[in-house]
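Asks: The structure follows.
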Amino acid sequence: MIAQSLTLPNGVVLKNRIVKSAMSEALADANSNPTSDQIGLFERWSTGGAGLLITGNTPVDRDHLEHAGNFVLDDLSDMARVKDLARAAKSGGAKVLAQLAHAGRQTPAALNPHPISISDQPLDLEGYGVPVPAGEADFADIIEKFTRSALLAQDAGFDGVEIHAAHGYLLSSALSGRINTRQDGWGGALENRARLVLDVVRAVRKAAAPGFIVAVKLNSSDFQKGGFDHHDSVRVAVMLEGAGVDFIEVSGGTFETPTAYQHRAKSASTVAREGYFLDYATAMKASLSIPLMVTGGFRSAGVMNAAIAENKTDLIGIGRPFIMDPAFPSKLIRGEIAEVPAVERDFPPAEDLPRGAVLNWFCAQLAHLGQRGQPDMSLSVLEGHQRYLESIALATRRLQAVRR
Ligand SMILES: Cc1cc2nc3c(=O)[nH]c(=O)nc-3n(C[C@H](O)[C@H](O)[C@H](O)COP(=O)(O)O)c2cc1C
């Protein structure tokens, strides 16, 4: 099943069902342009055999970065480098999407102490500023920025964009009745909370060529009391289909509830389980005619093939194994391996480690893969965590210096 091609609603054909999900590379230069390390990384991933590659979080607005080090798509972008990145990502026959994002209240305070958000509710974590609720002009500006970035991606040779409406960033927070406390036409009923992402999708769909892929990454749930839940998610997915998206990627959680990249669950039964959001996706799949991509936890060919055969998903989104072995898709499809690397399962439980340590270890490995062509397996989880924190602190200082 994973080897089969898939034709998207707009006619674009993906050569197989394996998708590299978005992973922040943090390899951009001080001007937030792609570097040769980053371009080389995408060439490696493309020749590794995946049907589709999605870039890491690509901000549409320099004032609202997820963190320093991601390449930005705006009028200041070095388009020659962005074109090189797209060309490299397609060199092995994969299609490529830029993941467009606005970090909203999840913008680090060191980069913006007063980020635009859907409300004034701050993030319940250290290191984030005091959000400013968006006004009408801000909404128009945000929609315009997503559209501009999509058109830049199209000009650069990307096959499409994935609009990031998951993991607590601006469009995701707007969907949450817990964070979106507005009383105007952008808050309240789910239709109003979904307005921002729907307006962005419609604007991008209208401006881009018909063959340009427009996808959305959506949470199956925020896993927060009173927040965006599974019931809301299915309804928003149906609205997105109506707005013309080519597929929906299902994930879950936010910075406050990091369920997207679990590494070791407390009970043995959940450890054994793959496809974190597959059960949620089943109900969504039944309500949609466009393809679905489920991401998180897939490690064995058997589970991936069964998920497609049982019509629970059309595309298999995979993240961390692409850092450990960029060439695993070809091996999996040829039957040379039945399992992809699952090194995260060997780490201690999250509660025994500093917050974010395992994720940061993977971030450090991603940088190492870009810089040296392979991960550094001698690195302990704490060393990787520390190395990543230092590299982000350096990238932040460089960015601040450029701004001054
Ligand atoms: C280092 C790293 C960076 C990530 N960056 C992003 C990102 O920029 N955008 C996004 O939507 N998800 C991001 N994710 C989440 C992945 O796309 C994926 O949902 C998650 O890793 C679960 O899939 P996996 O179990 O196959 O790794 C990131 C994950 C990792 C490990």
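Asks: When you scan the stretch 271-342 for helices (runs of 4 or more DSSP H) that lie fully inside it, which ones turn up with 1 or more residues that are in contact with a Pro (Cβ under 9 Å, 6 or more places away or on another chain) and near the ligand (Cβ under 10 Å from one of its atoms)? Spell out the reasoning first.
Replies: On the way: elements: 278-287, 301-309, 321-324, 328-334.
Hits in the stretch 271-342: 321-324.
Asks: May I ask you to verify whether Ala26 is closer than 14 Å to Pro329 by Cα, within 14 Å of the ligand (Cβ to nearest atom), surrounded by 18 or more Cβ atoms within 10 Å (Cβ to Cβ) and not basic (Lys, Arg)?
Replies: Numbers: closer than 14 Å to Pro329 by Cα: no; within 14 Å of the ligand (Cβ to nearest atom): yes; surrounded by 18 or more Cβ atoms within 10 Å (Cβ to Cβ): yes; not basic (Lys, Arg): yes.
It is false that Ala26 is closer than 14 Å to Pro329 by Cα, within 14 Å of the ligand (Cβ to nearest atom), surrounded by 18 or more Cβ atoms within 10 Å (Cβ to Cβ) and not basic (Lys, Arg).
Asks: Just the residues that are more than 15 Å from the ligand (Cβ to nearest atom), within 23 Å of Pro329 (Cβ to Cβ) and in contact with a His (Cβ under 8 Å, 6 or more places away or on another chain), please, taken from the stretch 343-381.
Replies: Within the stretch 343-381, just Gln374 meets the criteria.
Asks: Further question on the same structure: The conditions are (1) touching a residue at least 40 places away in the same chain (Cβ under 8 Å); (2) surrounded by 24 or more Cβ atoms within 10 Å (Cβ to Cβ), and Thr147 fails exactly one of them. Which is it?
Replies: Tallying (1) touching a residue at least 40 places away in the same chain (Cβ under 8 Å); (2) surrounded by 24 or more Cβ atoms within 10 Å (Cβ to Cβ), Thr147 fails exactly one: (2).
Asks: Kindly evaluate Leu389 against the criterion of being free of Cβ contacts under 8 Å to residues at least 60 places away in the same chain and buried (at least 16 other Cβ atoms within 10 Å of the Cβ). Reasoning before the result, please.
Replies: Details: free of Cβ contacts under 8 Å to residues at least 60 places away in the same chain: yes; buried (at least 16 other Cβ atoms within 10 Å of the Cβ): yes.
So Leu389 fits the description; yes.
Asks: From the list Lys95, Lys15, which residue is in contact with an Asp or Glu (Cβ under 7 Å, 6 or more places away or on another chain) and not acidic (Asp, Glu)?
Replies: On the way: Lys15 fails: in contact with an Asp or Glu (Cβ under 7 Å, 6 or more places away or on another chain).
None of the other options fit; the residue is Lys95.
Asks: While we're on this one: Can you go through Ala243, Ala203 and tell me which one is more than 16 Å from the ligand (Cβ to nearest atom), over 15 Å from Ser289 (Cα atoms), among the small types (Gly, Ala, Ser) and modelled with pLDDT of 95 or more? Walk me through how you get there before you give the answer.
Replies: Numbers: Ala243 fails: over 15 Å from Ser289 (Cα atoms).
Among Ala243, Ala203, only Ala203 is more than 16 Å from the ligand (Cβ to nearest atom), over 15 Å from Ser289 (Cα atoms), among the small types (Gly, Ala, Ser) and modelled with pLDDT of 95 or more.
Asks: Confirm whether Gln183 is farther than 16 Å from Leu240 by Cα and free of Cβ contacts under 8 Å to residues at least 12 places away in the same chain.
Replies: Working: farther than 16 Å from Leu240 by Cα: yes; free of Cβ contacts under 8 Å to residues at least 12 places away in the same chain: yes.
For Gln183, the condition - farther than 16 Å from Leu240 by Cα and free of Cβ contacts under 8 Å to residues at least 12 places away in the same chain - is met.
Asks: Looking only at helices (runs of 4 or more DSSP H) that lie completely in the stretch 131-198, which have at least 1 residues being within 16 Å of the ligand (Cβ to nearest atom)?
Replies: On the way: elements: 136-156, 170-175, 190-193.
So the answer is 136-156, 170-175.
Asks: Can I ask one more? Tell me, which residue of the stretch 3-23 that is in a loop (DSSP other than H, G, I, E, B) and of a type in the set (A, V, I, L, M) is nearest to Gly211 (Cα to Cα)?
Replies: Val12
Asks: Does any residue in the stretch 190-212 that is in contact (Cβ under 8 Å) with a residue 60 or more places away in the chain come within less than 7 Å, Cβ to Cβ, of a residue that is in a loop (DSSP other than H, G, I, E, B) six or more places away or on a different chain, and which pairs are these?
Replies: Between residues of the stretch 190-212 that are in contact (Cβ under 8 Å) with a residue 60 or more places away in the chain and residues that are in a loop (DSSP other than H, G, I, E, B), the close pairs are Leu196/Trp186; Pro210/Asn10; Gly211/Asn10; Gly211/Gly11; Gly211/Val12.
The values are calculated or read from the model by the stated rules, or taken from the named source; none is laboratory data. Not measured: the values here are computed from a predicted model. Neighbour counts run over all protein chains shown; Cβ positions are idealised from the backbone, glycine included.
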